[in-house]
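J.: My questions all concern the structure below.
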Amino acid sequence: MENLGVVKQLAMMGGLRNFVPLSSGELAKMLNISQQSASKKILGLIDDGIIERQFGAKKPLIKITKKGLGLLQKEYADYRRMFEALKKLSVKGVVISGMDEGRYYLTLKGYKEQLKRKLRFSPYEGTLNLKILPSEFSKLNVLKESPGINIDGFQDGGRTFGPGKCFFAKIKNVDCAVIIPNRSHYSDVVEVISKDYLREKLSLRNGDEVEVEIRL
């Protein structure tokens, strides 16, 4: 709605519960528009039944009607849906065999203890590898740009093991986590860990398509 900004301003001034004093000149300054434009906005909202006006001793008194409240509630619901959508990301991929690198890394004390502490579960020593569908590649960029849960790099036996991050996730209501190494050989593969052996738990085989719901 074109004049919803006026209704929001009135709401922040207390206009949902009470009549508030507001002249067209004051509204013009708030919205950085001309007084004539502000006056037209007020008249338009009155005509649409979104606000009501009484004339006070010094200034007009304006209050938001039930219809105006309904518009704000709808706007709130729309924003809530948008921001809730930003908190989750569903990614589809196909189950593939890995090179046992995930199993090796999950046996390392430097990773294993961090994951147990930060994810609040002891991961099964192995990862479920998903080759992301081409249509989902843009979602990988979202993961790379999202902060996630930091996993620190460390040194062990003269070798340096790099940092990464992980995200809580679910596959078919089974709790898991997605790991994103800072450097990876696979740009289109996502590794999933869980306290369970996911292939067995979910009866998965190579070639099965899986959808992962990731919390950002």
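The values are calculated or read from the model by the stated rules, or taken from the named source; none is laboratory data. These figures come from a predicted structure and were not determined experimentally. Neighbour counts run over all protein chains shown; Cβ positions are idealised from the backbone, glycine included.
J.: Give me the pairs, please: first residue somewhere in region 154-172 and farther than 30 Å from Val210 by Cα, second residue anywhere and not in a strand (DSSP E or B), beta-carbon distance under 6 Å, and either six or more positions apart or on two chains.
T.: As it stands, the answer is Phe154/Gly110; Asp156/Gly110, since those pairs meet every condition given.
J.: Okay, moving on. On the basis of being of a type in the set (Phe, Trp, Tyr), surrounded by 12 or more Cβ atoms within 10 Å (Cβ to Cβ) and either closer than 21 Å to Ile214 by Cα or assigned by TED's automatic domain parsing to the domain that holds Asn150 (or both), does Tyr79 make the cut? Full working, then the answer.
T.: Values: of a type in the set (Phe, Trp, Tyr): yes; surrounded by 12 or more Cβ atoms within 10 Å (Cβ to Cβ): no; either closer than 21 Å to Ile214 by Cα or assigned by TED's automatic domain parsing to the domain that holds Asn150 (or both): yes.
Spelling it out, it is not the case that Tyr79 is of a type in the set (Phe, Trp, Tyr), surrounded by 12 or more Cβ atoms within 10 Å (Cβ to Cβ) and either closer than 21 Å to Ile214 by Cα or assigned by TED's automatic domain parsing to the domain that holds Asn150 (or both).
J.: Restricting to region 7-43, count the residues that are part of a helix (DSSP H, G or I), surrounded by 15 or more Cβ atoms within 10 Å (Cβ to Cβ) and hydroxyl-bearing (Ser, Thr, Tyr).
T.: Going through region 7-43 one residue at a time, the tally reaches 2.
J.: Sticking with this structure for a sec: Restricting attention to region 173-184, which residues are surrounded by fewer than 16 Cβ atoms within 10 Å (Cβ to Cβ) and touching a residue at least 40 places away in the same chain (Cβ under 8 Å)? Write out each step before concluding.
T.: Filtering region 173-184 for residues surrounded by fewer than 16 Cβ atoms within 10 Å (Cβ to Cβ) gives 173-175, 182-184.
Asp175, the sole residue that qualifies.
J.: A further question on this structure: Run down Ser122, Ser187, Ser203, Ser138 and say which single residue is at positive phi and of a type in the set (S, T, N, Q).
T.: Numbers: Ser122 fails: at positive phi; Ser187 fails: at positive phi; Ser138 fails: at positive phi.
Answer to the check: Ser203.
J.: Tell me yes or no: at least one residue of region 129-149 is within 19 Å of Gly93 (Cα to Cα), assigned to a strand (DSSP E or B), in contact (Cβ under 8 Å) with a residue 12 or more places away in the chain and hydrophobic (A, V, I, L, M, F, W, C). Before the answer, list the steps.
T.: Initially, region 129-149 is screened for residues within 19 Å of Gly93 (Cα to Cα), giving 129-144.
Within this subset, residues satisfying the condition of being assigned to a strand (DSSP E or B) are 129-132.
The next check asks that each one be in contact (Cβ under 8 Å) with a residue 12 or more places away in the chain; those that pass are 129-132.
From what's left, hydrophobic (A, V, I, L, M, F, W, C): 130, 132.
Within region 129-149, one or more residues are within 19 Å of Gly93 (Cα to Cα), assigned to a strand (DSSP E or B), in contact (Cβ under 8 Å) with a residue 12 or more places away in the chain and hydrophobic (A, V, I, L, M, F, W, C).
J.: It is to be established whether one or more residues within region 131-144 are touching a Gly at 6+ places or on another chain (Cβ under 6 Å) and under 17 Å from Tyr104 (Cα atoms).
T.: No: region 131-144 contains no residue that is touching a Gly at 6+ places or on another chain (Cβ under 6 Å) and under 17 Å from Tyr104 (Cα atoms).
J.: Mind checking which residues of region 167-199 are of a type in the set (A, V, I, L, M, F, W, C), assigned to a strand (DSSP E or B) and at pLDDT 95 or above?
T.: Once the filter is applied, which keeps residues that are of a type in the set (A, V, I, L, M, F, W, C), assigned to a strand (DSSP E or B) and at pLDDT 95 or above, region 167-199 yields Phe167, Phe168, Ala169, Ile171, Val174, Cys176, Ala177, Val178, Val192, Ile193.
J.: Turning to a different aspect of this structure: Evaluate the following for Phe121: is it touching a helix residue (DSSP H, G or I) at 6+ places or on another chain (Cβ under 9 Å) and assigned to a loop (DSSP other than H, G, I, E, B)?
T.: Working: touching a helix residue (DSSP H, G or I) at 6+ places or on another chain (Cβ under 9 Å): yes; assigned to a loop (DSSP other than H, G, I, E, B): yes.
Spelling it out, Phe121 is indeed touching a helix residue (DSSP H, G or I) at 6+ places or on another chain (Cβ under 9 Å) and assigned to a loop (DSSP other than H, G, I, E, B).
J.: Now for a separate question. Is it true that Leu4 is surrounded by 14 or more Cβ atoms within 10 Å (Cβ to Cβ), within 30 Å of Leu204 (Cβ to Cβ), under 28 Å from the mean Cα position of the chain (by Cα) and of a type outside the set (Asp, Glu)? Talk me through it step by step, then tell me what you get.
T.: Details: surrounded by 14 or more Cβ atoms within 10 Å (Cβ to Cβ): yes; within 30 Å of Leu204 (Cβ to Cβ): no; under 28 Å from the mean Cα position of the chain (by Cα): yes; of a type outside the set (Asp, Glu): yes.
No, not satisfied.
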